[in-house]
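K.L.:
Have a look at the structure that comes next, please.
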Amino acid sequence: MENPLDGLDSSVPNIARIYDYILGGKNNSEADRATAEQILRLIPEIGTAVTENRKFLRTAVRYLTREAGVDQFLDIGVGLPTQGPVHEVAAEVIPAAKVAYVDYDPAVVSHASTLLTDPDRAIAVLGDLRRPGELLADPAIRSHLDFGRPVAVLLLAVLHFVSDEDDPAGIIATIRDMVAPGSYLVISHIGAPDPRDVEPQDKVRGMYARAGQPVFPRTQQDAKRILDGFEVIDAGEIERHALLPDRASVPPISDVGWRLVARKP
């Protein structure tokens, strides 16, 4: 059997594998586990935030399939599609739903591809959110998804890795302009640090930076600017789809960050 960690430098902590470890997965190395444990010691609520983020993903996908009839998803910055991935959740409602998973790390994409067994339903593609026009024009994605119909673009715990210099608002605007009316955007994002508790958060940001992923927290006001041209769905509508055992609080703003579902009119 192929080892899913083949091709990845397991001596260097990797964000995708750190998340996998926190979620209880097995696709991680000793370096990933050590870094994750350091992060959890400094800010214990990160563990809850990562778990709730995954629950939010499942809740949002259930809402989009059941209420909006969305049957195609573009999951950007996926890391590893494990622990309740989009294609499995979507198939609960729409068995023929299609998902394109995208990550900018070639080794992670290779790793993800080994976890996907049905290329008609789900593919893993190399792409960089910081170049959204190029990403959305990728032939593999275009052949898998029909951009003439609504598509849900998922940016779960990825936009906070995009610096202000890379223009997150411009990235979202490009996505908005390239998807069909009736398309959706799903975002979760780290919030601005609590000024009373800066030191441990600075240490955590340093760990992310050493793992090759600097973090750029943003506020609710930043979220409003980023989402120009989208209509935010009421959180209560999403919450109705947080079924047991995946009961998750889905406020647009929380102590750790914000998460939301928005629609292109």
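K.L.:
Can you pull the one-decimal nm distance between simple spin-label points at ASP118 and ASP146, each 7 Å off the Cα toward Cβ?
P.N.:
About 1.8 nm separates the two model spin labels.
K.L.:
What is the dipole size for the range 48-159, taken about its Cα centre, with +1 at each Lys and Arg Cβ and -1 at each Asp and Glu Cβ, in debye to the nearest 20?
P.N.:
220 debye
K.L.:
Then there's this: Note down the accessible area of HIS241, probe 1.4 Å, to the nearest 10 Å².
P.N.:
Probe radius 1.4 Å; accessible area of HIS241 about 10 Å².
K.L.:
Starting from the residue with the highest accessible area, list TYR104, TYR184 in decreasing order, probe 1.4 Å.
P.N.:
TYR104, TYR184
K.L.:
Rank by packing, highest mean first: peptides 223-233, 154-164, with packing defined as the count of other Cβ atoms within 10 Å averaged across residues.
P.N.:
So the order, starting with the most tightly packed, is 154-164, 223-233.
The values are calculated or read from the model by the stated rules, or taken from the named source; none is laboratory data. Keep in mind the model is a prediction, meaning the values are calculated, not measured. Quick reminder, even Gly has a Cβ in these numbers, built from the backbone with ideal geometry, and neighbours come from all protein chains shown. Surface areas here come from the heavy atoms of the whole protein model, side chains and all, with no ligands, DNA or RNA. Shrake-Rupley method; radii C 1.70, N 1.55, O 1.52, S 1.80 Å.
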